[in-house]
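Contents: one structure, followed by commentary.
Values in this text are rule-based calculations from the coordinates and carry no lab data. Predicted model only: the values in this text are computed from it and were never measured.
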Amino acid sequence: METCDALLLLGGVYPHYNDWISKEIMACKKEGDKPLIVVHKDQTLQISPVVRRYADRFVQWNKDELVAAFRDLLQ
């Protein structure tokens, strides 16, 4: 996590890896409070409570929204 600027997570696609994802999120927030951007294809997808709590931005699977999120959060 030291070398990354943000964590990008595909929302709702890894339900079997919830523990691992939670650890990654906690490491991201612990090491410099790096932004968490969650990409979701469909708003009906189930997002874990940990992801909801720590996400800095939710965006659609859309290039413009994703680029805007990175620009806004990494200024």
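Under 18 Å from the Cα of LYS30, which aspartates and glutamates turn up, not counting those fewer than eight places away in the same chain?
Reachable aspartates and glutamates: GLU2, ASP5, ASP19, ASP56.
In percent, what relative contact order does the chain have, based on Cα pairs under 8 Å that are 6 or more apart in sequence?
Details: 89 pairs, mean separation 25.0, N = 75.
That works out to 33 percent.
Hey, what number do you get for the chain at 222 nm if only DSSP H runs of n ≥ 4 count, each worth -39500 (n - 2.57), divided across all residues, to the nearest 500? Let's see the in-between values first.
On the way: 3 runs with 30 residues, N = 75.
Calculated mean residue ellipticity at 222 nm is -11500 deg cm²/dmol.
Along each principal axis of its Cα atoms, how long is the chain end to end? Whole angstroms, biggest number first, please.
Computed over the chain, the largest-to-smallest principal extents equal 30, 29, 17 Å.
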